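Data block below; observations after.
The values are calculated or read from the model by the stated rules, or taken from the named source; none is laboratory data. Treat the numbers as computed from the prediction; the structure is a model and nothing was measured. Neighbour counts are summed over all protein chains in view; Cβ atoms, including those assigned to glycine, are modelled from backbone coordinates with ideal geometry.
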Amino acid sequence: MAFGMDMGPDSVVNIKVIGVEPAGANCLQVSLDKGEVTTLPTVNTIADGTAVQTPGSKIFPYVRQNLDEIITVDDDELIVAFLDMVENHKMVVENSGLLTVAALKHLGVKDKRVVSILSGGNMDVITMSSVVQQGLIFRDRIFTVSVLLPDKPGELARVSSLLAEQHGNIIKLEHNQFISINRNAAVELRITMEAFGTEHKNQIVTALTDAGYRPKLVKVKGTYSEM
């Protein structure tokens, strides 16, 4: 993948060609650094169309001659780029085809003419759903919070009312009565909800804190972080 960037009228060479690879499958970058076609021991990326261990030996000399530089992007950046394309541009582009879009934030492109090549829309609906959900999590549009409350009638309604006042939209509730031997002291309520973004999420968490619930954000990998 590559895109051209106009370097301006005063530049001797007006077009700069930049290659982009996923960080988990950067076989071309490694090969260019070593000056020869190199095979990676393993690859790991959601951009399956570019998840190759060895660059093509026939194309490698042309790439080495004509490419100005090559950069890499993480899978997390591809996920956010996919969500941006779907939401703001109404386009479905597969992860490999999004590499150049995800790479834009790594470059100083202000006041420059940039051509970012988009290629391919080969993505099944299950993968698409997973990528969109993960993108919403990364942008704090979906988050999970854990609170402790007494196992008494009305406590769940009290929390729900508080979230409704903050315009939080509940997606899922998990009520764990086995967090403590003394259920009257504490049970865990794990709430997954929608928010408008980071500011709104922080507003909801602050409201829970002010109400005495001592909320903990549940991270994607299942770990906790104190607020």
- Item | Matching residues, segment 55-95, being touching a Pro at 6+ places or on another chain (Cβ under 8 Å) and among the hydroxyl-bearing types (Ser, Thr, Tyr) | 72
- Message: For the condition among the small types (Gly, Ala, Ser) and within 30 Å of residue 17 (Cβ to Cβ), what is the one hit in 168, 56, 154?
- Response: 56
- Given (1) touching a residue at least 40 places away in the same chain (Cβ under 8 Å); (2) among the β-branched types (Val, Ile, Thr); (3) surrounded by fewer than 16 Cβ atoms within 10 Å (Cβ to Cβ), where does residue 73 come up short, assuming only one miss? (3)
- Task: Please state which one of 88, 95 is crowded, with 19+ Cβ neighbours inside 10 Å, under 26 Å from residue 194 (Cα atoms), of a type in the set (S, T, N, Q) and within 22 Å of the chain's Cα centre (by Cα).
- Result: 95
- Could you list, in sequence order, the residues of segment 110-147 that are among the polar types (S, T, N, Q) and either part of a strand (DSSP E or B) or more than 20 Å from residue 90 (Cα to Cα) (or both)? 116, 144, 146
- Exception for residue 105 within (1) without any contact (Cβ under 8 Å) to a residue 40 or more places away in the chain; (2) surrounded by 13 or more Cβ atoms within 10 Å (Cβ to Cβ); (3) part of a helix (DSSP H, G or I) falls at (2)
- Query: In the list 124, 140, which residue meets the criterion of being at pLDDT 90 or above, closer than 25 Å to residue 83 by Cβ and of a type in the set (D, E, K, R)?
  - Reply: 140
- Are any of the residues in segment 97-110 touching a helix residue (DSSP H, G or I) at 6+ places or on another chain (Cβ under 6 Å) and over 28 Å from residue 202 (Cα atoms)? yes
- Message: Restricting to segment 147-161, and then to whatever is in contact with a Leu (Cβ under 7 Å, 6 or more places away or on another chain) and touching a residue at least 40 places away in the same chain (Cβ under 8 Å), can you tell me which residue is farthest from residue 187 (Cα to Cα)?
- Response: 159
